[in-house]
Structures are given as structure tokens and as C-alpha cells.
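One structure is given below, encoded as C-alpha cells.
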Amino acid sequence: MAITSMGVVFAVIWFMTLFVVLPLGAKSQGDTGKVEAGTPASAPSGYVMRRKFKITTIVAILIAVPVILVINYQLITVDQIDLFKRFGPDS
């Protein structure tokens, strides 16, 4: 697997992880009782993106390394996944 392919796999996993991590622990301005003028009460309050990015990066590394190793060392192949033999030599 080329380094660019590894980067793409990591980027996809990183963004998927980001969308899972973003809502965790988020409180709205309405929940905290401090609504800024010109914003809805449902807007996030005290949101620290740097912390979310650190958590996302750590979790993404923990997920991406095994995925890249499985792909690189062919621990799971298409033949093992293809239950209905759609991708065999007879296709």
C-alpha cells in the first residue's frame, strides 16, 4: 500500500471519527443559561475544538493502524469476504 493510500484511509477514518466525537459532551447555551446575543439557545456553549481534535486523532490512529495493517498484509482478502462468489474468475 502506498503512503498516499495510507493517508487517504487515515483521513477518511479521522473525519468519520470527528463526526462521532463532536456531539459528545456538548452543552447548548440554553442548557448553561448563558445565551449570547444574536445566537439561538441551541448553539453550543464553551466548545473547545482543540480538545475534540486531539481525541479524534488519538481514536483515529487506534482505528487506522489495524485497518492499514489488515490491508497491507492481506489478512482479510476479497475472496474471504465474497460469500456469493461475485468477484471470482468466472465473473
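The values are calculated or read from the model by the stated rules, or taken from the named source; none is laboratory data. Keep in mind the model is a prediction, meaning the values are calculated, not measured. Cβ atoms come from the backbone with ideal geometry, glycine included; neighbour counts cover every protein chain shown.
Values as computed for the structure displayed
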| quantity | calculated |
| --- | --- |
| Residue list for the stretch 41-59, filter: of a type outside the set (Val, Ile, Thr), part of a helix (DSSP H, G or I) and surrounded by 12 or more Cβ atoms within 10 Å (Cβ to Cβ) | LYS52, PHE53, LYS54 |
| Only listed residue being modelled with pLDDT of 90 or more, at negative phi and either within 23 Å of the chain's Cα centre (by Cα) or of a type in the set (Phe, Trp, Tyr) (or both), chosen from VAL70, VAL35 | VAL70 |
| Matching residues, the stretch 1-35, being assigned to a helix (DSSP H, G or I) and either touching a strand residue (DSSP E or B) at 6+ places or on another chain (Cβ under 8 Å) or of a type outside the set (A, V, I, L, M) (or both) | THR4, SER5, GLY7, PHE10, TRP14, PHE15, THR17, PHE19, GLN29, GLY30, ASP31, THR32 |
| Number of the condition not met by ILE81 [criteria: (1) surrounded by 13 or more Cβ atoms within 10 Å (Cβ to Cβ); (2) modelled with pLDDT under 90; (3) among the hydrophobic types (A, V, I, L, M, F, W, C)] | (1) |
| Selection from the stretch 60-91 of residues that are in contact with a helix residue (DSSP H, G or I) (Cβ under 7 Å, 6 or more places away or on another chain) and not in a helix (DSSP H, G or I) | ILE76, PHE87 |
